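Scroll down for the structure; my scribbles are underneath it.
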Amino acid sequence: MIKKILVSQPAPTSEKSPYFEIQQKHGVELVFHPFIKVEGITAREFRQQKVQILDHSAVVFNSRNAIDHFFNLCNELRITVPEDMKYFGLSETITLYIQKYVQYRKRKVFFGTTGKWPDLIAVMAKHKAEKYLVPLSDVHTDEVKAMLDAKKLKHTECIMYRTVSNTYPSDKPFDYDMLVFFTPAGIQSLLKNFPDFKQGDTRIACFGKATAKAVVDAGLRLDLEAPSATAPSMPAAIDLYLEQENGKA
């Protein structure tokens, strides 16, 4: 019988979240605790990369995190970003977030329509004269670099933020019937927080192939994987799983 579930994400801000529907429908307790957090690198760490921000005429953002850490770092380095700097984002939602830091002008903001890199890079290829700066996390692949190289675009990748483990509160019991993960880093953080973790009857659910691989590679049992043909989202997968498992009780 599953009664208590840990979801390794921040708590939903909307009361209409499907997680709260699960709580009511199945009478389970959901606890939200991110096992990872994102933090910016220091100005000193950035200088060691020998990247000059003002040598570039455009910045490419893949997330709101990237935007926050870019402007925070510029502030720490006492760099005034020129008004004619252009900004490219994976989606319109991401580029709209730039308004938090600079005045939004359509003539200098560009974005893809699908939220995927190939689509954005097709837009960037129409601006071949730009020198692109691409802020990234410390955990990334060379896939974006390869795509930019293929289009013969001038670009520099740099690390501006990192993913780190988020400590589980020592005063809270870790007594869950199910743990839900969304990234490989979340699995790593679980084992860092609890080096002697024994899975036993605890169910492990995950979202995405990379996270599923991390579960198996860690020697843990994977009980539920999403998305699937019947459950396109993690809440949908949990809902179906609870119907099956708790229905047996």
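Bear in mind that the values in this text are calculations on the coordinates, not laboratory data. Computed from a prediction, not measured in an experiment: that's the story for all the values here. Here the Cβ positions follow ideal geometry from the backbone for every residue, glycine too, while neighbour counts run over all protein chains shown.
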If you take the charge dipole of the chain about its Cα centre, with +1 on Lys and Arg Cβ and -1 on Asp and Glu Cβ, which of 98, 205, 54 is farthest toward its positive end? 54
If I take R0 = 35 Å and measure r between the Cβ atoms of residue 99 and residue 174 in this structure, what FRET efficiency does the formula 1/(1 + (r/R0)^6) give, to the nearest 0.05? 0.30
Need the full-extension length gain, residue 52 to residue 25, defined as separation in residues times 0.36 nm minus the C-alpha distance. One decimal, nm. 4.3 nm
Explain nothing, just compute: Karplus ³J(HN,Hα) = 6.51 cos²θ - 1.76 cosθ + 1.60, θ = phi - 60°, for every residue of the range 42-53 in order, whole Hz, x for Gly and Pro. 7, 4, 5, 4, 5, 4, 5, 7, 6, 10, 9, 4
Check each of the GluC sites (Glu not before Pro) in the range 64-98 and keep only those in coil by DSSP with at most 14 other C-beta atoms within 10 angstrom; list them in order. 83
If the label point sits 7 Å along Cα→Cβ of residue 32, residues of the range 205-249 with amide N under 16 Å come out as 234-236
For all pairs of alpha-carbon atoms in the chain, what percent lies in each bin of width 10 Å, listed from the first bin to the last filled one? 6, 26, 28, 22, 14, 3, 0
Taking only complete DSSP H runs, can you tell me which helices of the chain stretch 15 Å or more along their own long axis by Cα positions and average at least -0.5 on the Kyte-Doolittle scale? 234-248
Please list the non-local residues whose amide H lies under 5 Å from the amide H of residue 110, H modeled 1.01 Å from N, same-chain partners needing a gap of 5 or more. 87, 88, 89
Helix-only [θ]222 nm of the chain, DSSP H runs n ≥ 4, -39500 (n - 2.57) each, per residue, nearest 500: -9500 deg cm²/dmol
Which semi-axis lengths, in whole Å and largest first, follow from the square roots of five times the eigenvalues of the Cα gyration tensor of the range 39-163? 20, 17, 14
Based on alpha-carbon centroids, what's the gap between the range 143-164 and the range 15-70 in Å, whole number please? 18
Under-5 Å amide H pairs with residue 36, H placed in peptide plane, nonlocal only: 166
How much of the DSSP beta bridge set in the chain is antiparallel, as a percent to the nearest 5? 15
